[in-house]
1. Could you check the range 86-115 and list, in sequence order, the residues that are more than 29 Å from the chain's Cα centre (by Cα), of a type in the set (A, V, I, L, M) and surrounded by fewer than 21 Cβ atoms within 10 Å (Cβ to Cβ)?
2. Only helices (runs of 4 or more DSSP H) wholly contained in the range 583-660 count here; list those with 1 or more residues that are modelled with pLDDT of 75 or more.
3. From Ala350, Ala415, Ala398, which residue is in the same structural domain as Glu581 (by TED's automatic domain parsing), in a helix (DSSP H, G or I), surrounded by 15 or more Cβ atoms within 10 Å (Cβ to Cβ) and at pLDDT 95 or above?
4. Report, by residue number, each residue of the range 528-542 that is touching a residue at least 24 places away in the same chain (Cβ under 8 Å) and closer than 16 Å to Gly463 by Cα.
5. Quick check, is Gly385 closer than 17 Å to Gln509 by Cβ, in contact with a helix residue (DSSP H, G or I) (Cβ under 7 Å, 6 or more places away or on another chain) and not in a helix (DSSP H, G or I)?
6. Run down Ala446, Ala462 and say which single residue is aliphatic (A, V, I, L, M), assigned by TED's automatic domain parsing to the domain that holds Gly377 and in a loop (DSSP other than H, G, I, E, B).
7. What's the total number of residues in the range 164-203 that are part of a helix (DSSP H, G or I) and in contact (Cβ under 8 Å) with a residue 24 or more places away in the chain?
8. Every residue in the range 489-545 that is of a type outside the set (S, T, N, Q) and outside any helix (DSSP H, G or I), please.
Amino acid sequence: MSYFITGGTGFIGQNLIRLLLKRRGKIYVLVRKGSEEKLDKLRARWGKASKRVIAVRGDLTRPLLGIPPAKRKKLEGQIDHVFHLAAIYDLKADAASQQAVNMDGTRNTVRFAEAVKAKRFHHVSSIAAAGLYPGTFSEDMFEEAVGLDNPYFRTKHDSEGLVRDKCRIPWRIYRPAIVVGDSQTGEIDKIDGPYYFFKLIQKMRRAMPAWMPTIGLEGGRLNMVPVDYVVQAMDHIAHLPRQDGKCFHLTDPKPMRIGEVLNLFAESAHAPQMSMRVDARLFNYIPAVVKQGMMMLPPVRRIYREVLGNLGMPPDVLKFINYPTKFDCRETQKLLKGTDIRVPRLDDYAWRLWDYWERHLDPDLFIDRSLRGHVGGKVVVVTGGSSGIGHATAVMMARAGARVAIVARDESKLADTVREIEEEGGEVRSFSADLAELDACDDVLARILDEMGDIDILVNNAGRSIRRAIAASYDRFHDYERVMQLNYFGCLRLIMGVLPLMEKKRQGQIINISSIGVLSNAPRFSAYVASKAALDAFSRCASSEFSDTGIRFTTINMPLVRTPMIAPTKIYENVPTISPEEAAAMVKQAVIYKPQRIATRLGTFAQVMHAVAPKVSEIIMNSAFRMFPDSAAAKGVNDNQAAASSEQVAFASLMRGIHW
């Protein structure tokens, strides 16, 4: 018994070959030029029996599979079964690709099978061949298919029709349901079907506790089967007598509704259950003209694409929420009766699918998390780069291969930073400037652009902080002016200087080092928080204006960092802070993921608390205000400040990272 297989290195193919190797005979596998390496890796999994697997170089899209006449002659009369599995199973694939592979590939394989006088042709189709048939689709139905507008549905239906009408040797057709991973191992090779919803489930798990009920959708029945069932059933039926000219539904006799399926996977992921499910059929009552009109609006289209893109879903996937077709598989089940081949319950293996996806296929696993991959060879400007957060950030960027420009007032400290970076082999240049002076901002930008070229990333880190109660500031209005001058106007001047260049290149990032105080409304920091809040507000407005230009704005609401800036407040020696290196790691996160905001969980909680219970938030902050005194510097005296009390330390530890 010998076999010829197209798509043998694909997911279904490699699992089918594993079963066929338990039988006697050679297995010929069509491989494209350069794809032998993938087949060689599979041989290691198949074991010693893989010696009977023979690679045949060819091309599915060429006549007679592009196999030379001499090779075809050698195979003539030697092939008992041709299994045609090669196809595109992907809603995201373009119509031309699906036509070339699904249609032309099937035609070429049929002609090859006839040319080598194969005894039987096995065509792996799909339940997609039924289109969107409203009702029960039986195994002897074909022409009744409707709703074939989608290229995937159309090419799967037409390629099956080609076998039915044009194949001159005995044939059998198999229509698998949505094929998911192995029920024993969870292994699968790509994201498809229910896997498109896994990222949504994962995001829900990260955002909410598992006990929280959520709202989801209820739709049609999602017919899915694990790959091990598909290949076992196919292998068994392919070798039964008197089954030629028939079609077999490799489907679940008792499919679950999509809401039930998603809840099973949510349970496997320890994510919130969608306890309240809205029947998606309600959307059918919205007139088509209204839905089309909404999708014609540019903002709606962009939001739709952004949301689906963020979740890794193809645009067409939501069309199948109300999937209307049921599949009758009774004839197939009769042929499997008496064997141990049966569709396993999803409840028993859903956790294996989730576990394998999260460990091996989660798109986040393939994000380049190396800082070098994002800044290597790029010009990164770090203000306040001679000490604290700026120094740590500059060193980190240089180690990652960035061309770093550091800006600060103190030339000697700048020189120390340059020396440190250059000793490690990094590229850095220093630029002395007082960024509280607007002319100095313009001048330093001109010098950086002249010496280093266009700026790719601007890190606005330079800043001034004043810790003083408002009551102690009545005669110190200049405090507010000078803080605003550097923290807001200086940063704004630099941003306005680099934006035209970034917009021209349609790429770039502005990272603003803000404060957790903006979220918590920290007392004694009214001047500092107000200046940072102004920059935050500008960034939110700017991100809206530049969203479609490739420029990204990221605000980091930094918790309390142990830098020279906080040295005058002696009480900070006894409260929890993060190191400049930990702060630089937050900048790294901003560069890699480019979110609009990065904040600690406590900072986010403080913002939410102020939004939902402002009076409670006010009382908490006032209690802290009364608990922590002004520093000696704020009072304008030289007396030694008392050590922090145990009450103060306990409170500061509870509110870790907030400025007091």
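The values are calculated or read from the model by the stated rules, or taken from the named source; none is laboratory data. As the structure is a prediction and not an experimental result, all values here were calculated from the model. In this analysis, Cβ positions are derived from the backbone assuming ideal geometry, glycine residues included, and neighbour counts consider all displayed protein chains.
1. Answer for the range 86-115, where residues must be more than 29 Å from the chain's Cα centre (by Cα), of a type in the set (A, V, I, L, M) and surrounded by fewer than 21 Cβ atoms within 10 Å (Cβ to Cβ): Ala100, Met103, Ala115.
2. Those helices (runs of 4 or more DSSP H) span 601-612, 614-627.
3. After ruling out the rest, the residue left standing is Ala398.
4. Residues satisfying the conditions are Tyr528, Ala530, Ser531, Lys532, Ala534, Leu535, Asp536.
5. yes
6. Step by step, each of Ala446, Ala462 is checked, and only Ala462 is aliphatic (A, V, I, L, M), assigned by TED's automatic domain parsing to the domain that holds Gly377 and in a loop (DSSP other than H, G, I, E, B).
7. So the count comes out to 12.
8. Within the range 489-545, Arg506, Gly508, Ile510, Ile511, Ile513, Ile516, Ala522, Pro523, Arg524, Phe525 qualify.
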